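Data first, discussion second: the structure below is written as structure tokens.
A short reminder: the numbers here are calculations on the coordinates, not readings from a lab. No experiment lies behind these values; they were computed from the predicted model shown. Virtual Cβ from ideal backbone geometry, glycine too; neighbours counted across all protein chains shown.
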Number of protein chains: 2
Amino acid sequence: MDSIILASASPRRRELLSQIGIEYEVIPSNVEEVITCTVPSEIVMELAKQKAEDIVIQLNCPGKLVLGADTIVALKGEVMGKPVDEADAFSMISKLQNNTHQVYTGVSLSYMKEDGEIFSHVFYEETEVMVYSMTEEEIWYYLKMKTSSNNAKISKWDKTSVPFECEDKAGAYGIQGPFAAYIQGISGDYNNVVGLPVGRVYQELKNILK
Amino acid sequence: MDSIILASASPRRRELLSQIGIEYEVIPSNVEEVITCTVPSEIVMELAKQKAEDIVIQLNCPGKLVLGADTIVALKGEVMGKPVDEADAFSMISKLQNNTHQVYTGVSLSYMKEDGEIFSHVFYEETEVMVYSMTEEEIWYYLKMKTSSNNAKISKWDKTSVPFECEDKAGAYGIQGPFAAYIQGISGDYNNVVGLPVGRVYQELKNILK
């Protein structure tokens, strides 16, 4: 399989592609996100497609495959992106605890045909996540944690130090970190919650490339 | 929370306890496993209890909490432990592909009371795993992979080099490695498939220690 282009700066998506042995280069899209849909599954597909096609156009290299992805959390119809500050993160976790929510990741596999037309194969995966009940003390303890990710840069909330664990994550939690203590179970693909449904991606790539 | 004793040599169980911030020391049990049950959930609880109580007795230290765990894979009533060789691994993956199986992890939280009596709180978690269909070529490609785990020691099958990815894993696969390409989804706790249901473990520890 030729190496693909990952149109995302997310270290978690990089790690997931590496985990299943897909070679890639990273060219993050900074396209301005335009949301015209209201249904979570359609929002993530729309944004994934915008990111992938943005890079396809920049590259202008027929046949080069670009993967775009977008992840959001939805609870009873309310869509949660990344928290803007600590109070927003507290509000998100307070709603997610003792409850079941859905995580949607949209993926777009896009390339330019020889005639310059852009082809995009777009799909999404939905995973249900059940979270145990948490005390206020447990929520604050979690929100004060710093990330231990190797890819941690500088915190957006606390400019002098490493990011908080909940920063930069849809729904204000990372299932692959200490929040695992509060996960009762899931229904669907685990890696979809981390940020990329690599099982489905691998199967779709096989179909496109055969 | 005081540090606990992990009665298991599994590097994956160590990583999972670290992930949720539980402090532990490792004292692996080498007790001879005695299976008197036939139901998968009972087998893993029986073995987890034997391992934990073996270490409780060796320690002879009242109040010190020991965690024992055991994981097996079951497909339509057939129990799969770790593969004994490559042919066994091939047989297991051939059955798991294009199918749904169950993973059971039993956990025993055991300690000695002041009067010397042993108390064990034993439970299990079950996770359903759906595997995409795989070609024979894909199965062999997977079986020939070497592990990239940091904790890799020497292969039992190929004494001169690092272990195969499928070695030393119930059902001959690790969901947290390249086999993720073939996972369609799960129902239950993901970490239960990796080897320890840390969400449930954290909740049970809170109840025991309060």
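Converting phi to 3J(HN,Hα) with the Karplus coefficients 6.51, -1.76 and 1.60 and the offset θ = phi - 60°, the range A:186-194 yields 9, 9, x, 8, 4, 5, 4, 6, 5 Hz in sequence order, with x at every glycine or proline. Among the GluC sites (Glu not before Pro) within the range A:133-174, not one is in coil by DSSP while having at most 15 neighbouring Cβ atoms inside 10 Å. Note on chain B: with a GNM built from Cα contacts shorter than 10 Å, the maximum mean-square fluctuation among B:THR105, B:THR71, B:THR135 falls on B:THR135.
Extension gain, A:ASN99 to A:ASP115, is 0.8 nm, computed as 0.36 nm per intervening residue step minus the present C-alpha separation. If you sort the three axes of the alpha carbon gyration tensor as a ≥ b ≥ c, you get a/c of 1.5 or more for the protein assembly as shown and a/b no higher than b/c, which makes it oblate.
Cross-link pairs exceeding 18 Å in C-alpha to C-alpha distance, out of A:LYS95/A:LYS169; A:LYS146/B:LYS64; A:LYS64/B:LYS146, comprise A:LYS146/B:LYS64; A:LYS64/B:LYS146. Across the identical copies, the label point of B:ALA9 (7 Å from Cα in the Cβ direction) is separated from its matches by 4.5 nm, in order from shortest. Placing a label point 7 Å from Cα along the Cα-to-Cβ axis, B:ILE154 is separated from the same position in the other copies by 4.9 nm, shortest listed first.
Result for chain B in a Gaussian network model with C-alpha springs under 10 Å: among B:ASP85, B:ASP168, B:ASP158, the largest mean-square fluctuation is at B:ASP158.
When its C-alpha radius of gyration is set against 2.2 N^0.38 Å (N residues), the range B:4-209 gives a value of 1.03. Annotation for the range B:10-61: GluC sites (Glu not before Pro) lying in DSSP loop with at most 13 further Cβ atoms inside 10 Å of their Cβ are B:GLU23, B:GLU32, B:GLU33.
Counting only residues at least eight positions apart within a chain, or on another chain, the aspartates and glutamates with an alpha carbon under 17 Å from that of B:LYS113 are B:ASP2, B:GLU53, B:ASP54. Backbone phi angles across the range A:55-67, fed through the Karplus curve with coefficients 6.51, -1.76 and 1.60 (θ = phi - 60°), yield HN-Hα couplings of 6, 4, 5, 4, 5, 6, 10, x, x, 6, 7, 10, 10 Hz in residue order; Gly and Pro are listed as x. Counted over the range A:4-209, the DSSP beta bridges are approximately 85% antiparallel.
Let me know the shape class of the range B:5-122, please: from the alpha-carbon gyration tensor, a ≥ b ≥ c as square roots of the eigenvalues, rounded when a/c is under 1.5, otherwise prolate if a/b is greater than b/c, or oblate. In terms of gyration-tensor shape, prolate.
Take A:CYS37, push a point 7 Å out from Cα through the beta-carbon direction, and compare it with the same point in every other copy: 4.4 nm, smallest first. Mean partner shielding of peptide A:175-181, defined as the number of other chain Cβ atoms within 10 Å of each residue Cβ, is 6. Neighbour counts of C-beta atoms inside 10 Å place A:LEU47, A:LEU196, A:LEU17 in the sequence A:LEU17, A:LEU47, A:LEU196, starting with the fewest.
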